[in-house]
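One structure below.
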């Protein structure tokens, strides 16, 4: 299995730099006081399409060979990755085919349409999605860009931590959320490559703790119908992301739903920035594990800020 | 009447710089496209206490003579100015007395208490507030720091525009909201002092258009029980702020409630920052006057980000 290295992530960074936002690292004296540690928020909610996903998608598109670019890219996703791949493709004159369940929210359909992608609707099952994507591949030769089980996507996601450590080199801990493990694979590879002494901690909702269970038992435990407000963290690890995470991640902590919601509100109120529940999960594990983080200089990867403001949990 | 000059504002800036945040100027390609002009958001929602008010309050506290500092400061306000004066006073070891109506929301009472101010409650009328403040002054000799009818407060508020024009010198228009006129007095004095060719435009809710009416008729029309979501813009001009605004401001535009709400949501969704309705008013007048702003490089003073997330209008 070909695992990405820090050098692959640095190459990805050079490649995508002209297309992405170098997002800011924010701090809050108020939150430092509340949490008893020094927090550095790497704000991918300010990334294009409102999420880190644009890094990985852009690297995947830019890594295509010329003949592949002509065939286009395809993915099945209704979330941030679909929007990210659509925009990354459009910015590079590559056609994007997005397979979405008919049941996806109008706002997500419109976002993807707005970026000029061709949407194919399917039944809301994984099987239907995969079959529909395969039909598109058979017909067009388009290249599948999986949301996380993809070498180039992982390398792109790792670039956020490269920027974070450029700006704040002396961190002691870096926390990122884990869904399918793409962000955490890139994050942990980058961080351990730059400074092996930095602890890398994964954050998961207690209600979707499949990555923690997989990490503890040594085999992939799939996520089965998890119910959590952190809607970016519902997916299961792949062989690739699990292998990287076992190798690089120091531990995975979980947080309760009420802590996730409380931390989301706290960031909105005190920092005046909009973060999505999946991002609040990283702060929530800090809250639930105060001894571990006490007085530590801790980097938090804030994964995104795409929220339905009409369905807030508070 | 002693009107502030650019030089007074620059002195205020040197004075308060060690205490305030130099807030960022944000841009959004998406919003530029939607509004057909180039927008530069001076983000005072990221200022301490979540509003520009901290600039004026800090300048007022730092401008006290030594014997005045020992007597303390007093104001009657339930909003951002009360929190700003409380924090500015605490940071300078000055006692703050805040007169608040008994009916003020708990969250605001707690914010002011949290900054260590002494709160005196009164009936929710202007007369009760002024009388209560006067009693405190009689008893303690504390110095009244009015939220806007105050030379030093106005100078402090003007420093946001100094920073904005340092970062983006070639603006063609600058828009700020008008409530009591403190922010607009400081803004317009700073902007016209730096570059007389820049248009200075005030933004008001249509439902609280007393400043526009005053501006058009040449005499102060008080704001009488206005009903608007922009709860920072309910107050009336003073002789001082009206005089400055007549002298420096090019025009005052109004916006409808639904436009204010729509623009607030748009900024939250697209820029991932939390702004309060009063701040959304500046964008709302851009939306309602597209011809005036078309292709213009426009600076917007985003006054604050203090919102009750449990009472959102969307």
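Structure values in brief
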{"item": "The protein assembly as shown pair-distance distribution - Cα-Cα, 20 Å bins, rounded %", "result": "19, 47, 28, 5, 0"}
{"item": "Cα long-axis angle, helix A:239-248 against chain A (0 to 90 degrees, to the nearest 10)", "result": "20"}
{"item": "Cα gyration tensor shape of region A:105-147, rounded if a/c is under 1.5, else prolate or oblate by comparing a/b with b/c", "result": "oblate"}
{"item": "Relative pair counts by distance (%), Cα atoms of region A:144-251, 10 Å bins", "result": "16, 49, 30, 5"}
{"item": "Position residue B:3, label points 7 Å along Cα→Cβ, spacing to each other copy in nm (shortest first, one decimal)", "result": "7.0"}
{"item": "B:214, B:303, A:236 arranged by Cβ crowding within 10 Å, fewest neighbours leading", "result": "A:236, B:214, B:303"}
{"item": "Length added when fully stretched, residue A:5-residue A:250, from 0.36 nm per residue minus Cα-Cα", "result": "86.4 nm"}
{"item": "Chain B: relative contact order in percent, alpha carbon pairs under 8 Å with at least 6 residues between", "result": "22"}
{"item": "Choice from B:150, B:195, B:248 showing the highest fluctuation, given a GNM over chain B with Cα pairs closer than 10 Å", "result": "B:195"}
{"item": "FRET efficiency, 1/(1 + (r/R0)^6) with R0 35 Å, evaluated for residue B:106 and residue A:295 via beta carbons", "result": "0.65"}
{"item": "Footprinting exposure proxy for A:172, A:44, A:106, B:276 (fewest neighbouring C-beta atoms within 10 Å first)", "result": "A:106, A:172, B:276, A:44"}
{"item": "Ranked A:35, B:293, A:52, criterion: other C-beta atoms within 10 Å, fewest first", "result": "A:35, B:293, A:52"}
{"item": "Counting DSSP beta bridges with both ends in the protein assembly as shown, the antiparallel % (nearest 5)", "result": "10"}
{"item": "In degrees, nearest ten, helix A:53-62 long axis to first principal axis of chain A (Cα)", "result": "40"}
{"item": "Distance cut-off 38 Å, percentage of C-alpha pairs in chain A lying past it", "result": "8"}
{"item": "Potential extension, residue B:217-residue B:22 segment - 0.36 nm per residue separation minus Cα distance", "result": "66.5 nm"}
{"item": "Cβ-Cβ FRET estimate between residue A:140 and residue A:265, R0 fixed at 60 Å, reported to 0.05", "result": "0.85"}
{"item": "Cα gyration tensor, region A:28-150 - rounded (a/c under 1.5), prolate or oblate", "result": "prolate"}
{"item": "Counting DSSP beta bridges with both ends in chain B, the antiparallel % (nearest 5)", "result": "10"}
{"item": "Cα gyration tensor category, rounded, prolate or oblate, for region B:1-73 with a/c compared to 1.5", "result": "prolate"}
{"item": "Chain B - mean residue ellipticity at 222 nm from DSSP helices (-39,500 (n - 2.57) per run, n ≥ 4, rounded to 500)", "result": "-14000 deg cm²/dmol"}
{"item": "Distances in nm from residue B:294 to the matching label points in the other copies, shortest first (labels 7 Å along Cα to Cβ)", "result": "6.4"}
{"item": "For q = 0.12, 0.16 Å⁻¹, Debye-computed log10 I/I(0) when each Cα of region A:85-208 counts as one equal scatterer", "result": "-0.60, -0.92"}
{"item": "Rounded to 10°, Cα long-axis angle of helix B:277-288 versus longest principal axis of chain B", "result": "20"}
{"item": "Residues of region B:204-219 with amide N under 19 Å of a point placed 7 Å along Cα→Cβ from residue B:311", "result": "B:205, B:207-208"}
{"item": "Estimated Rh, region B:1-41: Kirkwood, alpha-carbon pairs, angstrom", "result": "13.1"}
{"item": "Mean-position separation - Cα centroids, region A:67-137 and region A:202-250, in angstrom", "result": "24"}
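The numbers here are math on the coordinates, done by the rules we state, and not lab data. What you see is a predicted model, and the numbers here were worked out from it, not measured in a lab. Backbone-built Cβ (ideal geometry, glycine too); neighbour counts: all protein chains shown.
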